[in-house]
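The values are calculated or read from the model by the stated rules, or taken from the named source; none is laboratory data. Predicted model, so just to flag it, every value in this text is computed and none were measured. All Cβ positions, even for glycine, are placed from backbone atoms using ideal geometry, and neighbour counts span all protein chains on display. Surface areas here come from the heavy atoms of the whole protein model, side chains and all, with no ligands, DNA or RNA. Shrake-Rupley method; radii C 1.70, N 1.55, O 1.52, S 1.80 Å.
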Amino acid sequence: MRKMIGKFLLFILFLSAISIPFAQSDAAAEKVYHVKIDAAVEKGLYAYLKRSFAEAEEAGAKAIILEINTNGGFTDAAGEIGKLMDETDPEIIAYINYKAISAGAYIALHADKIYMSPNGKIGAAQAVEGTTGNAVDVKAHSLWVAEMISAAETHNRNPKYAEAMAEPSIEMKEYRAGKGQLLTLTASEAAEPNVRYSEGTVSSLEEVLKLNGLENAEIVKTNVTFTEGIARFVTHPIVVPILLSIAGLGLVVELYSPGFGVAGTMALSSLLLFFFGHLIAGLAGYETLILFIIGIVLIILEFFLAGGIAGLLGAVAIVVSIILAGGNPMFMAYSVMIAIAVAVSGMVIIMKFFGRKLHLLNKVVLMDSTDTESGYVSNINRVELLGKKAVTITPLRPSGTIDMEGERIDVVSQGSYIDRGKHVIIVKVEGSRIVVREFEEKGENE
């Protein structure tokens, strides 16, 4: 009996010994994904976060640390990111390392927990138009305020502070938000018991991990891929109108240049970059690219078809494809208007100050003229008759016929009636039109 008990104890010790490495490996396998938001909030960022969150879920990550330092960006992109965060299984911890302003504040509110660095700030989240910087219209503003309130309520935070961040009419003078001003909380204010928009003020990412019992977890840092980098650059609210302006100006310069050169290459490259970035970001579908190609084809057909209808439809197709590719039609419409203004300004400068002509139209429009300066005349111009004298055969009323050295010539008088048999002198020759005046044989100064 004792031997059996001894053997059983030895077996238990053996199982314990061999289970220790597996327990250690399981502990070491616990992962935390570290994802940064350190630029403008746009659809390129959404594509990057979507991939990063999917990788974290596939790896069975314990949590995702979202390190935020942004002045905001597009509200529609922030809305997509907020929805993505709510649908992600691992716990999402926002670490505001300096500032989460505007759309950045909205994203932070969708996190399960929020921590802030000592100099961190969150708030100032009024929705503004991307091109003008002015507040959006009443409907868009009302929707955005509701989005902020909903983000706070969904994650058990007092919604009145989120509302004050987006609505300037709400006063919170204790936090420097008078009437007409937006609420922005510091790290200490956000951590106050009555506010609780922060779980605590921390000095580093390591401290965030320690406070959540993740100090021994494997940290997986996600990086923006090359294509995601292009997408984030191209979809930036400042870059979009610049890119379209380069395309418009390049096309205008190409119209005034012989052949196809640098300007045309820059224009096409800008447009291809625009569509490539928006396709990667998930903003544009292939249907918008197809619509753009159809527009280009219609414009090319205009050089072979009369009427201008194909060219007009092509231009409309191109503009519509660009607006649809952006995801935010209003912002894209403003960007297209800016590009058109730049292109028209370039056209005026080229024509007015450089005197250039449209070389491209030379192939479809007859630019040559058959004028006298170019050596073209519709009939014989008998300039040798100037100053010659003749006699009228018929009365000139004012047209008639004269006899000049036996040659009958049709003429017109310079003004008054001239009777038959009068002496005249030829004073002007304009093609077939010969003008004479009466000439007195005696006393006339020739």
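Among the residues that make up region 124-139, is at least one of them touching a helix residue (DSSP H, G or I) at 6+ places or on another chain (Cβ under 8 Å), open to solvent by less than 10 Å² (accessible area, probe 1.4 Å) and closer than 26 Å to TYR334 by Cβ? Spell out how you get there, then give the answer.
Narrowing region 124-139 to residues touching a helix residue (DSSP H, G or I) at 6+ places or on another chain (Cβ under 8 Å): 124-127, 129-132, 135-136.
Narrowing further to those that are open to solvent by less than 10 Å² (accessible area, probe 1.4 Å): 125, 127.
Retained after the next criterion (residues that are closer than 26 Å to TYR334 by Cβ): 125, 127.
Checked region 124-139: at least one residue is touching a helix residue (DSSP H, G or I) at 6+ places or on another chain (Cβ under 8 Å), open to solvent by less than 10 Å² (accessible area, probe 1.4 Å) and closer than 26 Å to TYR334 by Cβ.
Regarding region 61-75, can at least one residue be identified that is over 28 Å from PRO118 (Cα atoms) and open to solvent by 40 Å² or more (accessible area, probe 1.4 Å)?
So far as region 61-75 goes, no, none of its residues is over 28 Å from PRO118 (Cα atoms) and open to solvent by 40 Å² or more (accessible area, probe 1.4 Å).
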Search region 418-441 for residues being of a type outside the set (S, T, N, Q) and either in a loop (DSSP other than H, G, I, E, B) or touching a residue at least 60 places away in the same chain (Cβ under 8 Å) (or both), and hand back the single one that is most open to solvent (accessible area, probe 1.4 Å). ARG420
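Listed residues VAL202, VAL234, VAL220; which is in contact (Cβ under 8 Å) with a residue 12 or more places away in the chain, in contact with a strand residue (DSSP E or B) (Cβ under 8 Å, 6 or more places away or on another chain), surrounded by 14 or more Cβ atoms within 10 Å (Cβ to Cβ) and within 25 Å of LYS50 (Cα to Cα)? Break it down into steps so the answer makes sense when it comes.
Numbers: VAL202 fails: within 25 Å of LYS50 (Cα to Cα); VAL234 fails: in contact with a strand residue (DSSP E or B) (Cβ under 8 Å, 6 or more places away or on another chain).
Among VAL202, VAL234, VAL220, only VAL220 is in contact (Cβ under 8 Å) with a residue 12 or more places away in the chain, in contact with a strand residue (DSSP E or B) (Cβ under 8 Å, 6 or more places away or on another chain), surrounded by 14 or more Cβ atoms within 10 Å (Cβ to Cβ) and within 25 Å of LYS50 (Cα to Cα).
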Only one of these conditions is not met by LYS363: (1) at pLDDT below 85; (2) basic (Lys, Arg); (3) over 30 Å from ALA263 (Cβ atoms). Which number is it? (3)
Among the residues of region 401-417 satisfying the criterion of being open to solvent by 80 Å² or more (accessible area, probe 1.4 Å) and among the acidic types (Asp, Glu), which is farthest from GLY387 (Cα to Cα)? ASP410
With a cut-off of at least 1 residues that are within 24 Å of the chain's Cα centre (by Cα), name the helices (runs of 4 or more DSSP H) lying wholly within region 169-257. 226-234, 239-255
Can ALA146 be described as under 14 Å from THR75 (Cα atoms), assigned to a helix (DSSP H, G or I), open to solvent by less than 70 Å² (accessible area, probe 1.4 Å) and of a type in the set (Gly, Ala, Ser)? yes
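If a residue must be open to solvent by less than 50 Å² (accessible area, probe 1.4 Å), hydrophobic (A, V, I, L, M, F, W, C) and more than 9 Å from the chain's Cα centre (by Cα), how many such residues does region 320-341 contain? Working first, answer last.
So the first thing to find is which residues in region 320-341 are open to solvent by less than 50 Å² (accessible area, probe 1.4 Å), and the list is 321-323, 325-328, 331-333, 335-336, 339.
Imposing the further condition that a residue be hydrophobic (A, V, I, L, M, F, W, C) reduces the set to 322-323, 325, 331-333, 336, 339.
Now drop any that are not more than 9 Å from the chain's Cα centre (by Cα), which leaves 325.
Adding up the residues that qualify gives 1.
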Inspect region 86-101 for any residue being surrounded by fewer than 22 Cβ atoms within 10 Å (Cβ to Cβ) and free of Cβ contacts under 8 Å to residues at least 24 places away in the same chain and give the result as yes or no. yes
